[in-house]
Structure formats: C-alpha cells, structure tokens
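These notes concern the structure reproduced below.
Computed from the coordinates by the stated procedures, all read-outs in this text should not be read as laboratory data. Being a predicted model, the structure only gives us computed values, none of them experimental. A quick note on method: Cβ atoms are made from the backbone with ideal geometry, for glycine too, and the neighbour counts reach across all protein chains shown.
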Amino acid sequence: MGRNAGDHRARVSRLMIRRAFMDLLRQKPIQNISVKELCETAGINRSTFYAHYTDVRDLLRQIEEEMLAELEQAMAPLLSDDGKPFNPVEISTEIFQCLKDNSDMCTVTLGNYGDKAFLFRLINLGRERCMETYLKHYRGISPRQIEYYYAFASAGCIGLLQKWLDDGMTASAQEIAQMAESLMLHGLGSFEKENKN
C-alpha cells in the first residue's frame, strides 16, 4: 500500500473520530466520554484511535490547536505591513470562514458541555491582534478604549456566530463579516440603510 493511501486512511480515521467525538460532546461532558464509547460511535477499533491520540483529552487538545492555528492564519493580515489598505471585512470574512469550516467545534464550544477555557483562548487571540492593529490604525484612541470596544464587539460576534449556527450557516462568511462590521460601526442603523436600498 502506497504512502498516499495510508495518509488518506489516516485522514478518514481522524475525521470519523472527530465526528463521533463532537456528537458525544453535544450530549455529555468530556469526562463522561470513554475511548471505548468513542470508538464504538465512530465504528473504529481502539488501536486506530491510539495510533493518533493518547486519550480523549489529547483528541480535544489537538482539535483545538488545529483550529487556533487556522484562526492565527486568518488573522495574520491584521499584523501585516504589506502596504495594502486595512480592510476589516476582508479579514473578518477569513475568520468567519474558519469558524464555518470548524462549525462542529463552534457548536460544541458554545453548547452546554463546551470547553469555556478554549472560548476564552479564542477571544484573547483576537484581542491581542486587534489591540496591536487598532492602535496602529486609529490614532488618538487609548488602549483602554480599544479594550472596551473589543469586549463589546467580541461578545456581539459570539452572539452572531450562535445565530449563524442556529440558522444552519446558510449565509456566506462574507455576508456575516459584513453584517458584523456594519453592526459594530452603525448599530441597527445599518439595517435601516440596507432596507432603503
């Protein structure tokens, strides 16, 4: 068997494990999920699980680290000095696309049994990037004001993400990013303008 076939099989196994894990995490806390139950739900044997993960917590850690790395990549343009004009909607679109690609993780994180520490890591990651960028682009605004703005905006974006998930993520990432940007800048007045057009 070639290397590509082995890689493909490993990817499929990890995907099956992830799906089963997310299904179980919607129903119960992580400490109540055993490797045996996870393998039965995924339809794989335990040796396949242990080829990729040491235990259930290691599985969650790896999923979270992969998602954080994807978000880091999506936010990289925030800190870039490539001479291009600052375009928050473009960056937000990348971030919302990453959230859509990880919708199972978002659903679980925001649910009853989600890892709230992970949610705070996501929020803090965004805060660090925004602080640096906004201080650069918005002269005369203090770090304290940006902290308050970010606290407000991040809570709103989490609410927006929850609503998007509830609606089955039928809207595009760009539409949600534009909505987030308009709401943050203009509040409900943004809808008023939109409805007049």
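Compute the acute angle (0 to 90°) between the alpha-carbon long axis of helix 56-79 and the principal axis of greatest extent of the alpha-carbon atoms of the chain; round to the nearest 10°. Approximately 30 degrees, to the nearest 10. With a Förster radius of 41 Å applied to the C-beta separation of Asp23 and Tyr149, the computed FRET efficiency comes to 0.65. Each peptide in 50-63, 26-39 receives the mean, over its residues, of other Cβ atoms within 10 Å, and ordering these scores from highest gives 50-63, 26-39. Averaging the Cα positions of each part gives two centres, and for region 126-186 and region 18-95 these lie 22 Å apart. For the Cα atoms of the chain, what angle does the longest principal axis make with the long axis of helix 143-166, in degrees from 0 to 90, nearest 10? It is inclined by approximately 50 degrees. Mind pulling the angle between the C-alpha long axis of helix 3-27 and the longest principal axis of the chain? Nearest 10 degrees, somewhere in 0 to 90. It works out to around 70 degrees.
Set the Förster distance to 41 Å, then compute FRET efficiency between Met131 and Arg9 from the Cβ-Cβ distance, nearest 0.05.
Values: r = 43 Å, r/R0 = 1.06.
So, using R0 = 41 Å, E works out to roughly 0.40.
Counting only pairs 8 or more places apart or on different chains, how many lysine pairs in the chain have C-alpha atoms closer than 17 Å? Eligible lysine pairs with Cα atoms under 17 Å apart amount to 4.
Extending 7 Å from Cα along the Cβ direction at Arg121 and again at Val35 yields two label points whose distance is 2.1 nm.
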